[in-house]
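The values are calculated or read from the model by the stated rules, or taken from the named source; none is laboratory data. Predicted, not measured: the structure shown is a model, and the values here were computed from it. We place every Cβ from the backbone using ideal geometry, glycine too, and count neighbours over all the protein chains shown. When the accessible area is computed, the model is the full protein with side chains, heavy atoms only, and any ligands, DNA or RNA have been set aside. Shrake-Rupley method; radii C 1.70, N 1.55, O 1.52, S 1.80 Å.
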Amino acid sequence: MATYQSRLRVLSIFGTRPEAIKMAPLVKALAAEPGIESLICVTGQHQSMLEQVLDLFDLKADFTLDVMTPHQTLNSLTAALYAAIDPVLEQTRPDRVLVHGDTTSAMVASMASFHRRIPVGHVEAGLRTGDIYSPWPEEMNRRCIDLSADLLFAPTGQSRDNLLNERAQGRSLVTGNTVIDALQMTAARIDQDARLRDELDRQFPFLQTGRKLLLVTGHRRENFGEGFLDICKALRHLAQRTDIQIVYPVHLNPNVLGPVTEQLGDLLNVHLIKPLDYLAFVRLMQHAHVILTDSGGVQEEAPSLGKPVLVMRDVTERPEAVAAGTVRLVGTSPASIIAGVDALFDDDTLWRRASQAANPYGDGHASQRIVDVLMGRVVEDFVAGQLQSQHEPLHPLPREARELSADFS
Ligand code: UD1
Ligand code: UDP
């Protein structure tokens, strides 16, 4: 076994709910690798929404920074992150930093490491819409990170092609997305434990039999203002349907929470609830008939669960599930959101086509591939098509969830 001195010191830095979910399986795999000394730095860009993820995956941060302020602006957040992250780099002097995705925490952590000439590995590299204002500021963040990283862990072949087309300097490998590792770990816990399922279901006493569930999430900065008012208009209209029920766990960002509560708070058929712990949210996705979202992570998870997704954006950096037919872009205009939802609720053939389980984003082994790359082992690329033809559907809708979904229909 490697001695303490020869271990590779890897510092994972992340700060928001989706990064924590997607980094959790990876930091667990890093910790299990004898050749690696794994350290975790949580920036505190999100507080309550992130803590639940650490608890769920039984992780303990070595450094917890405290950068979040209510209504934080991109520049105030960026400045606070540089000031808070640099001393951690100074103290730990890691051999490598790992960051995930496209948040401001990830961008600043990668740039602060670059300034100190610490090699950076970018998990979920190569996603592109081609428009630096959508998603904003994430498209710019991910480009910055990809420029500063020497290891680029692309989730799909298409994301690696984006990196190759840009002649990215780092080495890129297709690993699959670690979100599928996290989802499979979490769904397996739910599927194997009837008591846990009952406990989770008790969190949704408002769900009625005889109505199909439209699950909604939304938080993108580019939708603030007009965009959110339009989304709410569409939901007010859809709430009049007597065959559906709408559940919306509302993001804590005041620019989301404010308008959503004001516009939809009085509707009996719209259940506005607090952000759910990941375990409960996965359970709610299992119950959903259709998911309406602007989230990146949900776009990746839902196809694995065989749930049709309508994305309230004009462009997506995740075209794979659109190609597979489980995701459709509907923008944010009330008319197109309403038409998209109505079509899926009224046309069974369309719904069945869109609810075929598709797994373009991973096979549940992305984290181990990343660890193997760090340890210099030979790694075979994740290739979605091949793996799907060689294995059972990677994450079919569990039987209990199918039965429950039928209960609600
Ligand atoms: C951030 C990321 C976005 C990611 C999203 C996931 C940036 C610029 N944005 O957006 O890429 O998709 O997280 O959710 O990195 N708040 C709380 N408690 C929490 C979390 C947030 O109160 O646990 C409130 C605070 O008032 C905070 C505000 O939400 O100021 C905005 O948080 P911020 O991280 O700046 O932006 P998000 O919209 O959450
Ligand atoms: N999620 C959660 N609780 C919720 C809503 C979402 O745990 O109430 C999970 C979801 O399953 C996905 C992640 O949070 O893994 C997505 O986070 P978000 O939409 O905030 O960010 P994005 O993916 O758009 O960056």
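Close amide H partners of I273, meaning residues 5 or more places away or on another chain with modelled amide H under 5 Å apart, are Y248, V250. A prolate overall shape is assigned to the range 147-202, the ratio a/c of its alpha-carbon gyration tensor axes (a ≥ b ≥ c) being 1.5 or greater and a/b exceeding b/c. Within the listed set R197, R369, R241, the residue fluctuating most in the Gaussian network model of the chain (springs between alpha-carbon atoms under 10 angstrom) is R241.
Just want to confirm a number: the relative contact order over the chain, from Cα pairs under 8 angstrom separated by 6+ residues, in percent.
On the way: 796 pairs, mean separation 63.0, N = 409.
Over the chain, the number comes to 15 percent.
Each of V99, T186, P34 was scored by the projection of its Cα onto the charge dipole of the chain, and the greatest displacement toward the positive side belongs to P34; charges sit on the C-beta of Lys, Arg, Asp and Glu.
Magnitude of the Cβ-charge dipole of the range 51-114, K/R +1 and D/E -1, about the Cα centre, nearest 20 debye? Working shown, then result.
On the way: 3 positive and 9 negative charges, 37 e Å.
The calculation lands at about 180 debye.
Quick check on my link table: of K22/K212; K233/K274; K274/K307; K22/K233; K28/K212, which ones sit more than 27 Å apart, alpha carbon to alpha carbon? Could you put the intermediate results ahead of the total?
Numbers: K22/K212 29 Å; K233/K274 21 Å; K274/K307 22 Å; K22/K233 32 Å; K28/K212 37 Å.
With Cα atoms farther than 27 Å apart: K22/K212; K22/K233; K28/K212.
Mean projected area of the convex hull spanned by the Cα atoms of the range 159-318, taken over all viewing directions: 11.0 nm².
Its Cα centre serving as origin, the range 124-283 has a Cβ charge dipole (Lys and Arg +1, Asp and Glu -1) of approximately 240 debye. Computed with every protein chain present, the accessible area of H219 is close to 50 Å² [probe 1.4 Å]. Judged by the gyration tensor of its Cα atoms, with axes a ≥ b ≥ c, the range 68-148 is oblate; a/c meets the 1.5 cut and b/c is at least as large as a/b. Just checking the listed ones, T129, T316, T73: in the Gaussian network model of the chain with Cα springs under 10 Å, the one fluctuating most is T73. The alpha carbon centroids of the range 158-208 and the range 251-327 are separated by 14 Å.
Could you compute the FRET efficiency for S134 and D198, with r as their C-beta to C-beta distance and R0 at 30 Å, rounded to 0.05? The formula returns an efficiency of 0.15 here.
Using only alpha-carbon positions, what ratio does the radius of gyration of the range 163-234 give when scaled by 2.2 N^0.38 Å? Write down the numbers at each step before the final one.
Numbers: Rg = 19.9 Å, N = 72, 2.2 N^0.38 = 11.2 Å.
Taking the Cα Rg and dividing by 2.2 N^0.38 Å, one obtains 1.78.
When +1 charges are put on Lys and Arg Cβ atoms and -1 charges on Asp and Glu Cβ atoms, the dipole computed for the chain relative to its Cα centre reaches about 260 debye. Give, to the nearest whole percent, the P(r) tail of the range 235-362 beyond 21 angstrom, counting all Cα pairs. It works out to 39 percent of all Cα pairs.
For the chain, adding -39500 (n - 2.57) for each run of n ≥ 4 DSSP H residues and dividing by the number of residues yields -14000 deg cm²/dmol at 222 nm.
Which shape class, rounded, prolate or oblate, goes with the range 234-289 when its Cα gyration tensor gives a ≥ b ≥ c as root eigenvalues, a/c under 1.5 marks rounded, and past that a/b bigger than b/c marks prolate? Don't skip to the end; give the middle numbers.
Numbers: a/c = 2.65, a/b = 1.06, b/c = 2.49.
Oblate.
Rounded to whole Å, the principal axis extents of the Cα atoms in the chain read 64, 47, 43, largest first. Computed over the range 4-66, the percent of Cα pairs more than 19 Å apart is 26. Normalised per residue, the accessible area of the chain is 42 Å², obtained with a 1.4 Å probe and no contribution from ligands, DNA or RNA.
Not counting the cut sites, what is the longest span of the chain without GluC sites (Glu not before Pro) that DSSP labels loop and that have at most 15 other Cβ atoms within 10 Å? Before the final figure, lay out each step's value.
Details: sites that count: E166, E380.
Looking at the chain, 167-379 is the longest stretch - no exposed GluC sites (Glu not before Pro) with at most 15 other Cβ atoms within 10 Å.
Taking 0.36 nm per residue of sequence separation and removing the Cα-Cα distance, the S333/T261 pair yields an extension gain of 24.0 nm.
Taking 30 Å as R0, compute the FRET efficiency from the Cβ-Cβ separation of D66 and D381 and round it to 0.05. Spell out each step's value before the answer.
Working: r = 39 Å, r/R0 = 1.31.
Computed FRET efficiency for D66 and D381: 0.15.
Think of the chain as having a plus end and a minus end, set by charges on the Cβ of Lys, Arg, Asp and Glu; of V88, T156, C144, V88 sits farthest toward the positive end of this dipole.
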